[in-house]
């Protein structure tokens, strides 16, 4: 049996369905090439155009978006945690606009990729009102501080003596934040949902089956109200378990997301995930 496929809406038959499938495939291929944690959307969708058209379209698109998202026009401010230059090491949440990730901490710098509200990013430093975010290849990208809420959780969690045993899996899993989603993949160059979970547990000395539906039969069942960090969560959109991730606490889980195109963090207690939630194992 092949590794689990990421959840995706059905494609209806006919010409319109085929056209939708082609565009979806093109979007997925483009997104996999990017490496920002949780923010793998390209700055311009005009990949079918010539170089000059792409460059012109990208510049126009970025300029229009920046003009529409001027923080002073919306009351958006840089959080206090990012107002002073220096190390930060906090998890951040994109809450305003659809900001571009930049190569440098200044307005007008070259855009690398784009974030959307709801994306979590690991902030490692602050400079010039911008947040330096750790990318999956170890490089640093820069987001304008006004787009972010700085959370209390560290970007790079460390085990404490009082932590539950499962926290060691969370610490390990967070090191893969932003690794591209690749169906059937199990390496740092790309992994799917069950490959991600299997790899994290293997590195902590625990063997799990390769695919999600088999992993869901291993370990002790856990009711939703008793979830702890490190518990494996499972989802079922079809006839069997077809997606998995890891609960990290605070109502969130980390998973290799085909729809997000990378290892990312999402809120577990939302309609999207609750309607297909199938249980958890410890």
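Among 200, 179, which comes first, then next, by fewest other beta-carbon atoms within 10 Å? Don't skip to the answer; put the middle values down first.
Working: 200 26, 179 23.
Least to most surrounded, the residues fall as 179, 200.
Could you work out how far the C-alpha centroid of the range 144-190 sits from that of the range 207-260, in angstrom?
After rounding, the separation between the Cα centres reads 16 Å.
Computed over the Cα atoms of the range 167-281, what is the convex hull's projected area averaged over all directions, in nm²? Before the final figure, lay out the partial values.
Working: hull surface 25.2 nm².
Over every viewing direction, the Cα hull of the range 167-281 projects on average to 6.3 nm².
Go ahead and collect, in residue order, the members of the range 162-193 whose backbone nitrogen is under 14 Å from a label point 7 Å along the Cα-Cβ direction of residue 203.
Answer for this model: 168-180, 186-192.
If each residue's Cβ is checked for other Cβ atoms within 10 Å, how do 242, 192, 137 rank with the fewest at the top? If you can, show how the numbers build up before the last one.
Working: 242 22, 192 28, 137 10.
Neighbour counts put them in this order, fewest first: 137, 242, 192.
Starting with the fewest neighbours, write out 220, 191, 167 ranked by other beta-carbon atoms found within 10 Å of each beta-carbon.
Working: 220 8, 191 26, 167 19.
Ordered from fewest to most neighbouring Cβ atoms within 10 Å, 220, 191, 167 come out as 220, 167, 191.
Once both labels are modelled 7 Å past Cα along the beta-carbon direction, what's the residue 272-residue 116 spacing in nm?
Those two pseudo-labels are separated by 0.7 nm.
Laboratory data are not the source of any read-out in this text; all were calculated from the coordinates shown. Keep in mind the model is a prediction, meaning the values are calculated, not measured. Virtual Cβ from ideal backbone geometry, glycine too; neighbours counted across all protein chains shown.
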